[in-house]
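See structure below.
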Amino acid sequence: MAMPIRIYPFCRWAGRTVSKLSAGHRQEVSLSARRRFLSTSTGDNLQFRLNERTAHSSLDLFKKDTGIIYRMLGLDPSQVQDDPERFREWAVVLADKKISSGRHYWEVTVKKSQEFRLGVAEALMSRDECVGTNGSSWVFGYAQRKWFAMTNSTVVPVTLVGKPDRVGILLDYEAGILGLVDTEKPRIIHTLRAQFIAPVCPAFGLWDGELLTHSGLEEPEGL
């Protein structure tokens, strides 16, 4: 089994690749934003859209807010609505559903992207951090032609998988499991273990190309 290694995040910030987070950018979401995150989703066949209020200014939503496109230049942050829920430094967006129990499954189609992250994040994670770089987000990522699992800036290589056009994400909240799913088999390729203590949302990071989400799906048999 590959041993975890500590690295600085690969995330791009303002269109550039950076090596580390600034210590001055670790503010929490305001109390007004916290009050808006009270609802939860616990039923089967989770359905969600992407929450435009959380989307970084370099991300455009399309197809009724189920997909995102990365724009290298993006919008001037001063030209988007100022919102405490919006990611300010990193090209990240969250879904509009908060999950606090249950077992849920969704899929993602990846197009023309060589760098992206898929997973979950606490609804109240700092909007000045990138998913995977803290203890409140858990993701599977693809960069430099390699897959990896990542949380709290600890990266574990994910082997035995190429770059499929479509992958699945399986979340079991009570069991503390997040799985990357090969949709063709189907089978779980890699599992992240966590102790979820707060509501989480499906989370996505994108630094080129586009992603399309597919929710409201039945969990494949045998997972």
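The values are calculated or read from the model by the stated rules, or taken from the named source; none is laboratory data. Quick caveat, the model's predicted, so the values are computed rather than measured. Reconstructed Cβ throughout: ideal geometry from the backbone, glycine too, with neighbour counts over all protein chains shown. The accessibility values were calculated without ligands, DNA or RNA, using every heavy atom of the protein model including side chains. Shrake-Rupley method; radii C 1.70, N 1.55, O 1.52, S 1.80 Å.
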If amide H atoms are built 1.01 Å from N in the plane of the peptide, which residues on other chains or at least 5 residues away come under 5 Å of the amide H of SER126?
none
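From the Cα gyration tensor of region 52-187, with a ≥ b ≥ c the square roots of its eigenvalues, which class applies: rounded if a/c is under 1.5, or else prolate if a/b is larger than b/c, or else oblate?
Values: a/c = 1.62, a/b = 1.35, b/c = 1.20.
Note, shape of region 52-187 comes out prolate.
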Quick one: order SER113, SER100 from most to least accessible surface, probe 1.4 Å.
SER100, SER113
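Students often check this: by mean Cβ neighbours within 10 Å, which of 49-57, 172-180 ranks highest, and how do the rest follow?
Numbers: 49-57: 20.7, 172-180: 17.3.
Listed from highest to lowest mean packing, they are 49-57, 172-180.
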Under the classification rounded if a/c is under 1.5, otherwise prolate if a/b is larger than b/c and oblate if not, where does region 138-223 fall, given a ≥ b ≥ c as square roots of the Cα gyration tensor eigenvalues?
rounded
For region 92-108, just list the computed ³J(HN,Hα) in residue order, Karplus coefficients 6.51, -1.76 and 1.60, θ = phi - 60°, integers in Hz, with x standing in for Gly and Pro.
10, 9, 10, 7, 8, 10, 9, 10, 10, 6, x, 10, 9, 9, 8, 10, 9
Could you check how much of the accessible area of region 68-216 is carbon and sulfur, as a whole percent, using a 1.4 Å probe?
48
What are the ³J(HN,Hα) values, in whole Hz, obtained from phi via the Karplus relation 6.51 cos²θ - 1.76 cosθ + 1.60 with θ = phi - 60°, for each residue of region 187-194 in sequence order, with x given for Gly and Pro?
7, 7, 7, 8, 10, 9, 9, 8
Can you compute 3J(HN,Hα) from phi for each residue in region 144-149, using the Karplus curve 6.51 cos²θ - 1.76 cosθ + 1.60 with θ = phi - 60°, rounded to whole Hz and x for Gly and Pro?
6, 6, 9, 8, 7, 9
Extended-chain gain in nm, criterion 0.36 nm per residue less alpha-carbon gap, ARG187 and ASP83:
33.5 nm
Which pairs, out of LYS64/LYS97; LYS63/LYS111; LYS98/LYS163; LYS111/LYS146; LYS163/LYS185; LYS112/LYS146, put more than 18 Å between their alpha-carbon atoms?
LYS98/LYS163
Once label points are set 7 Å from the Cα along Cα→Cβ at both THR109 and ARG53, what is their separation, rounded to one decimal in nm?
2.9
